Amino acid sequence: LQPNIFPGNCWAFKGHQGQVVIKLPARVYLTAITLQHISKDASPSGTIISAPKDIAVFVNRDEETLLGVFTYHVEKNPTQTFPLKV
């Protein structure tokens with residue numbers, strides 16, 4: 001959500017789980033979610049063990065609804081797009 005994409009400038013979570021809440025000013029029609037993580041080659045440590053793995057996406061209109069559960073694969077493209085249930 002910020003234009004700075006340099007390694008180390010990220011949303012770091014303490015531990016193995018975390019959550020992000022994104023509130024938008026207007027209703028939107030979501031069809032997919034894209035997640036990007038730095039590649040192993042771009043990582044200062046040469047590893048990407050901090051990359052997210054299992055991701056759940058919810059929307060909360062009148063009640064919380066699960067739109068999808070996905071797995072980010074570190075061996076694939078650093079930018080991965082997952083379709084949502086709409």
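The values are calculated or read from the model by the stated rules, or taken from the named source; none is laboratory data. This is a predicted model, so every value here is computed, not measured. Glycine also receives a Cβ, built like all others from the backbone with ideal geometry; neighbour counts cover every protein chain displayed. SASA here: full protein model, heavy atoms, side chains in, ligands and nucleic acids out. Shrake-Rupley method; radii C 1.70, N 1.55, O 1.52, S 1.80 Å.
Just checking, which of Ile38, Ile49 is outside any strand (DSSP E or B), open to solvent by 100 Å² or more (accessible area, probe 1.4 Å), aliphatic (A, V, I, L, M) and without any contact (Cβ under 8 Å) to a residue 60 or more places away in the chain?
Step by step, each of Ile38, Ile49 is checked, and only Ile49 is outside any strand (DSSP E or B), open to solvent by 100 Å² or more (accessible area, probe 1.4 Å), aliphatic (A, V, I, L, M) and without any contact (Cβ under 8 Å) to a residue 60 or more places away in the chain.
Which count do you get for residues in segment 14-67 that are on the phi > 0 side of the Ramachandran plot and of a type in the set (Phe, Trp, Tyr)?
The number of residues fulfilling the criteria is 0.
Test each condition in (1) at pLDDT 80 or above; (2) assigned to a loop (DSSP other than H, G, I, E, B) for Phe13 and report the one that comes out false.
(1)
For segment 61-76, state whether one or more residues are among the charged types (D, E, K, R), modelled with pLDDT of 80 or more and within 14 Å of the chain's Cα centre (by Cα).
No, segment 61-76 contains no residue that is among the charged types (D, E, K, R), modelled with pLDDT of 80 or more and within 14 Å of the chain's Cα centre (by Cα).
Of all residues in segment 32-86 being among the polar types (S, T, N, Q) and touching a Lys or Arg at 6+ places or on another chain (Cβ under 9 Å), which is farthest from Gly18 (Cα to Cα)?
So the first thing to find is which residues in segment 32-86 are among the polar types (S, T, N, Q), and the list is 34, 36, 39, 43, 45, 47, 50, 60, 65, 71, 77, 79-81.
Those still in the list that are touching a Lys or Arg at 6+ places or on another chain (Cβ under 9 Å) too: 47, 65, 71.
Numbers: Thr47: 20, Thr65: 18, Thr71: 15 Å.
Among residues in segment 32-86 that are among the polar types (S, T, N, Q) and touching a Lys or Arg at 6+ places or on another chain (Cβ under 9 Å), the one farthest from Gly18 (Cα to Cα) is Thr47.
Please find, within segment 68-86, the residue that is most open to solvent (accessible area, probe 1.4 Å) out of those that are more than 16 Å from Ile38 (Cα to Cα) and touching a Ser or Thr at 6+ places or on another chain (Cβ under 8 Å).
The residue in question is Val86.
Consider Phe70 carefully, then state whether it is within 14 Å of Val86 (Cα to Cα) and free of Cβ contacts under 8 Å to residues at least 60 places away in the same chain.
Numbers: within 14 Å of Val86 (Cα to Cα): no; free of Cβ contacts under 8 Å to residues at least 60 places away in the same chain: yes.
No.
With the checklist (1) open to solvent by 90 Å² or more (accessible area, probe 1.4 Å); (2) under 17 Å from the mean Cα position of the chain (by Cα) in hand, flag the one item Arg27 doesn't pass.
For Arg27, the exception is condition (2).
Scan segment 54-67 residue by residue and report those that are surrounded by 11 or more Cβ atoms within 10 Å (Cβ to Cβ) and not aromatic (Phe, Trp, Tyr).
Hits for segment 54-67 are Ile55, Val57, Val59, Thr65, Leu66, Leu67.
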